[in-house]
1. Within region 58-80, which residues are assigned to a loop (DSSP other than H, G, I, E, B) and without any contact (Cβ under 8 Å) to a residue 60 or more places away in the chain?
2. Considering region 224-247 alone, what residues qualify as being of a type in the set (Asp, Glu), open to solvent by less than 90 Å² (accessible area, probe 1.4 Å) and either in contact with a Gly (Cβ under 7 Å, 6 or more places away or on another chain) or more than 22 Å from residue 281 (Cα to Cα) (or both)?
3. So, in region 288-311, of the ones that are of a type in the set (A, V, I, L, M, F, W, C) and open to solvent by 20 Å² or more (accessible area, probe 1.4 Å), which residue ends up modelled with the highest pLDDT?
4. Yes or no: residue 383 open to solvent by less than 40 Å² (accessible area, probe 1.4 Å) and closer than 24 Å to residue 304 by Cα?
5. Residues being surrounded by 16 or more Cβ atoms within 10 Å (Cβ to Cβ) and either closer than 16 Å to residue 111 by Cβ or among the aliphatic types (A, V, I, L, M) (or both): count how many of those fall in region 58-88.
6. Is it the case that some residue within region 48-69 is modelled with pLDDT of 90 or more and closer than 24 Å to residue 340 by Cβ?
7. Mind listing whichever residues of region 210-223 are open to solvent by 30 Å² or more (accessible area, probe 1.4 Å) and either in contact (Cβ under 8 Å) with a residue 60 or more places away in the chain or touching a strand residue (DSSP E or B) at 6+ places or on another chain (Cβ under 8 Å) (or both)?
8. Suppose we filter 195, 245, 228, 272 for residues that are closer than 15 Å to residue 302 by Cα and not acidic (Asp, Glu); which single one remains?
Amino acid sequence: MKHKLLTIILSLFVLFTVGCTKNYDNIVDSNDKQGHSNNEGKVIGSPESQSTVPEVVSDLKLDGDIKNIYYANENKILIAADKLYLYDLDTGNVLKESPPEPFDSENFWVINNGFVAVRELLSSDSSESMMTAGGFSYKAMFYDHDLNTVSEFDLNQLFEDDDMLMSLNAISFSSTGNQVAYATYSGLYIYDFEKETKTKVIDLESVDAKERSGIVNIEQIGFTNDDKRIAFKAQSFDIPANPDKPSYDTCGIVNVDGSGLLNKTFDNYICKRLTAYNDVLLFAQDPTIATGKTLVMEIPSDKTKIHTQIEKVESGSIWGSNTGGYFATSISHETGWTIRVYNTETGKLEAEQQVSNDGEERYMDHDPIIKVIDDTRTYIVLLGAIRDDIETKMIVSQF
């Protein structure tokens, strides 16, 4: 894999906008009185709109292609390249690095004592692993705050021989790191590392479909409510079952002991992708049928509201911030991307910026990766990370 220079281009438009909300019973629709965009990417309609001069960071060199970025502690991010780097957004410096680990895909969680990564790797042994995980091996690696490896755990040992993990999206770690929740074809489980016990939270093999609220597959999960509950995105059937009607998207929440199961659909809204936080859940729409609305569920009240974005396509590309105070969207255009940041509580537009593709059309083949840091109101846009044949471009701005 070729050595690449990570180009960091900092540009900034800070935007404050006026919004309003309309109440419709338990679902609230945040209206679009948030201004509109001109050709320069600034928002019209608010006298408070302003810009600040960005701090330019240069000469950051990393080994290998940039694959992804993940949240870390405070104003820091993890950058996955040929090595794993802990990067400080305040100073623009790499603080720590960790040796490379093989993976086909991976995900990270911030826990009390550091970080945990789960890496999915296609196994060369198609016998035993095929029976337990569809040919994939899953390893959890625990790091301290300085990216030192603390311990490793083979997640495949938790799966029965005839069972299969849904995907990396069907794994979540508690904030303490002491528990992992995971969903297989047979159910939703929690494993306690300290007690070395496995508990089935939702039994998808139960004959009584009503007991599991018609759920047939659990595709995405996340701990919430001080690790007392697990949010999920699922596929469900009607009760009683209608053989002529296929399964459909549902979203909900359940207590870690299996009680209080809530599995819901919403009028004129199909939830497709879950982002779970301690006190709020974000449910993005299917990008192929996006309507410009994003569903937010407050925790622990389970009250829902719907925020409206400026353009319909935005609701199919939702990126939540590190603690859930904001979410970002991306919209492609001829010369690059429009990035917008919204307030999760109010739905108001907070920032908008035009990101150029620098004349490189290959940047447009995939949606950018976006991260938002709440405390410092910083957002990071990563272009070209999925492709190996173009230089990765990272834009860091504040709003």
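1. Of everything in region 58-80, those that are assigned to a loop (DSSP other than H, G, I, E, B) and without any contact (Cβ under 8 Å) to a residue 60 or more places away in the chain turn out to be 58, 59, 60, 72.
2. The answer is 238, and nothing else.
3. For region 288-311, the residue satisfying everything is 310.
4. no
5. Number satisfying all stated conditions: 15.
6. Taking every residue of region 48-69 in turn, at least one turns out to be modelled with pLDDT of 90 or more and closer than 24 Å to residue 340 by Cβ.
7. Answer for region 210-223, where residues must be open to solvent by 30 Å² or more (accessible area, probe 1.4 Å) and either in contact (Cβ under 8 Å) with a residue 60 or more places away in the chain or touching a strand residue (DSSP E or B) at 6+ places or on another chain (Cβ under 8 Å) (or both): 211, 212, 213, 216, 217, 219.
8. 228
The values are calculated or read from the model by the stated rules, or taken from the named source; none is laboratory data. Here the structure is a predicted model, which means the values were calculated and not measured. Positions of Cβ are generated from backbone atoms using ideal geometry, with glycine treated the same way; all protein chains shown enter the neighbour counts. The area values use the complete protein model at the heavy-atom level, side chains included, leaving out ligands, DNA and RNA. Shrake-Rupley method; radii C 1.70, N 1.55, O 1.52, S 1.80 Å.
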